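A.B. asks: Sharing a structure, written as structure tokens. Questions coming.
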């Protein structure tokens, strides 16, 4: 079973265009092809798009369980973000890493790297595990 069959972005993350490309214990990587509709008035990726990718990468990093187990679900408690350089149209990757935590709360960090290898943004946060899948 591949990560694509276990999880594919839904809702807002799917609408934005995020794709899960790597997922393993304490690690997740999402890709996005930044296009014109992701840009703000300065012709750079909107901060909300970048924040969504950072948040999803952090959350996914803490929720992996190897198949056949069901994946875990989490919600963001806090997320601190630093925007470092502009992302224009092109490919970007948001990589998340679980860095600690316990039974109900975990901590994760993520970063976005642009096509040219430049650091675009970084985030760190706390996430709460949910009991089961939330109702949609």
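A.B. asks: In what order do 112, 44, 120 fall by count of nearby beta-carbon atoms within 10 Å, going from fewest to most?
C.D. replies: Lowest to highest Cβ neighbour count: 44, 120, 112.
A.B. asks: Fewest Cβ neighbours within 10 Å first, please rank 46, 15 accordingly. Intermediate results must be reported in sequence, preceding the final value.
C.D. replies: On the way: 46 17, 15 10.
Placing the least packed residue first, the sequence is 15, 46.
A.B. asks: Can I ask one more? Specify the residue with the greatest mean-square fluctuation among 61, 91, 31, computed from a Gaussian network of the chain linking alpha-carbon atoms under 10 Å apart.
C.D. replies: 91
A.B. asks: Here's another thing I want to ask about it. Within 10 Å of each residue's Cβ, count the other Cβ atoms and sort 73, 23 from fewest upward.
C.D. replies: Values: 73 15, 23 20.
Ordered by Cβ neighbours within 10 Å, fewest first: 73, 23.
A.B. asks: Additional query: Given springs between every Cα pair under 10 Å in a Gaussian network model of the chain, which of 14, 118, 53 has the largest fluctuation?
C.D. replies: The residue with the greatest mean-square fluctuation here is 14.
A.B. asks: Something else about it: What angle, in degrees between 0 and 90 and rounded to the nearest 10, separates the Cα long axis of helix 47-61 from the longest principal axis of the Cα atoms of the chain?
C.D. replies: Roughly 30 degrees, rounded to the nearest 10.
A.B. asks: Looking only at 51, 18, 39, which one moves most when the chain is put into a Gaussian network model with springs between Cα atoms under 10 Å?
C.D. replies: Largest GNM mean-square fluctuation: 39.
A.B. asks: What Kirkwood hydrodynamic radius do you get for the stretch 45-86 when you take the inverse of the mean 1/r over all pairs of distinct Cα atoms, in Å? Numbers along the way, then the final one.
C.D. replies: Values: mean 1/r = 0.0842 Å⁻¹.
Taking the inverse mean of 1/r over all distinct Cα pairs, the stretch 45-86 comes out at 11.9 Å.
A.B. asks: Still on this structure, I have one more. What is the diffusion coefficient of the chain in µm²/s, taking the Kirkwood radius over Cα pairs and the Stokes-Einstein relation at 37 °C with a viscosity of 0.692 mPa s?
C.D. replies: Values: Rh = 14.9 Å.
The diffusion coefficient I find is 220 µm²/s.
A.B. asks: If you don't mind, there's one more thing I want to ask. Tell me the mean residue ellipticity at 222 nm calculated for the chain from its helices only (DSSP H runs of n ≥ 4, each -39500 (n - 2.57), averaged over every residue, nearest 500). Kindly include the intermediate steps, with their values, before the conclusion.
C.D. replies: On the way: 3 runs with 25 residues, N = 136.
After summing the helix terms and dividing by residue count, I get -5000 deg cm²/dmol.
A.B. asks: Using the alpha-carbon centroid of each, what span in Å lies between the stretch 33-52 and the stretch 65-136?
C.D. replies: 18 Å
Here, each number is a calculation from the coordinates, and none is a lab measurement. Nothing here was measured: the structure is a model prediction, and the numbers come from that model. Heads up, the Cβs are rebuilt from the backbone with ideal geometry, glycines too, and the neighbour counts pull from every protein chain shown.
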